[in-house]
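Structure, as structure tokens:
Throughout, read-outs are computed from the coordinates displayed, never taken from laboratory work. Just so we're clear, the structure is a prediction, and the values are computed from it rather than from any experiment. Heads up, the Cβs are rebuilt from the backbone with ideal geometry, glycines too, and the neighbour counts pull from every protein chain shown.
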Amino acid sequence: MGYFYWADGLNAARKITIHRAWNAACVLASYYLTRLTGRAVQWGLPISISIEPTTACNLRCPECPSGLRAFSRPTGRVRADFFRRVVDELSRYTYSLYFYFQGEPYLHPEFFEMVRYAHERGLYTVTSTNGHFLDPERARRTVEAGLDRLIVSVDGLTQETYERYRAGGQLERVVQGIREVAHWKRRLRSRRPHIVVQFLVFRHNEDQIADVRRLARQWGANEVRLKSAQVYDYQQGHPLIPQQERYARYVRQPDGTWAPRHALLNRCWRLWRACVITWDGIVVPCCFDKDAQYRLGDLKATAFRNIWHGPAYRQFRQRLLRGRKAIDICSNCSEGCRVWV
């Protein structure tokens, strides 16, 4: 069941401008025209963008390239002047900015300055964190910077369960971090950020689902979100896949193998409304291209508008329309697999 959170909804509504509303209408119209004609049409600029602050991470999560240190692409962190240039180019038309892709955003030394810069340009700002760096000082700066939404991953309610996936993590430290942000919201009389506790559902923690909302409220969170977990080698089954089918991204087939729960349709709204920019300026289709295999342009050499409407993007969209199953990053996509509570 979904819920509407009034404070967050009103805050989000204030970010809408005439230019952003018109741009969103153009993007939506082009998407439905594409579905009608079967020809890739793209009007406007992305409604939302994700910029990767850094690929560095303090944890060793077993299904994450950052945690496994398994990238073939370069690792590093975004330069603040490059970040500002991208924001300046897009902020008139783009509505929201996500400060994550791979890595832990709070490890970037200029994270708060970048959040403040985007906030001052009226963007709805979001980040997702493992929560280990929300000490009192950083919690205060998170609120003061104007971050609109803070997603904190809490994938277990005991240390034993939590560290089964968040290898190297400390649950108590994460919970205290959530409490610190909630404390500074009250002290500074701020409705931001909207705090979301995100719970990846695995086989070893699915019995804790009933308790997560109650505890998250006690910590000071505004919302709890259950999310199906991505597993790379799922075909023969995997010990992380939940037993309760409604929380699993994969289902057992008659022949005993496993497959994604939802069929892949030859369309993708995400590819029309959003994009991801790596720390070093490479534009990729979405967050499932974790190793930047599909490089659609380089912002160090080309303006974003020219990449978004350029031949590489157009060809990729058309390829998706011909057959999404032929694109490997689409095979494990989470579209339609989230569960909201």
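Partners of residue 300 within straight-line reach, counting lysines whose Cα lies under 26 Å from its Cα and excluding those fewer than 8 residues away in the same chain: 290.
Extension gain, residue 255-residue 41: 0.36 nm per intervening residue step, less the Cα-Cα distance, totals 73.1 nm.
Ignoring aspartates and glutamates fewer than eight residues from residue 185 along the same chain, the ones with Cα atoms less than 17 angstrom from its Cα are 8, 135, 137, 144, 148, 223. From the P(r) of the chain, can you give the percent of Cα pairs sitting at distances over 29 Å? Roughly 40 percent, rounded to a whole number. Available extension along the chain between residue 32 and residue 326 is 103.6 nm, counting 0.36 nm per residue and deducting the alpha carbon span. Taking the centroid of alpha carbons for each part, the range 204-229 and the range 7-75 are 25 Å apart. Residue ranges 87-95, 156-164 sort as 87-95, 156-164 when ordered by packing (mean number of other C-beta atoms within 10 Å per residue, highest first). Once you reduce the range 105-123 and the range 136-156 to the center of their Cα atoms, the two points are 12 Å from each other.
Taking 7 Å steps out from each Cα toward its Cβ at residue 238 and residue 135 produces label points 3.4 nm apart. Potential lengthening of the chain between residue 80 and residue 121 amounts to 13.2 nm, from the contour at 0.36 nm per residue minus the alpha-carbon distance. For residue 266 and residue 314, the FRET efficiency from 1/(1 + (r/R0)^6), where r spans their Cβ atoms and R0 equals 25 Å, is about 0.95.
Among 253-263, 192-202, the peptide with the highest mean count of other Cβ atoms within 10 Å heads the list, and the full ranking is 192-202, 253-263. Relative contact order of the chain, taken over Cα pairs closer than 8 Å and 6 or more residues apart, is 18 percent.
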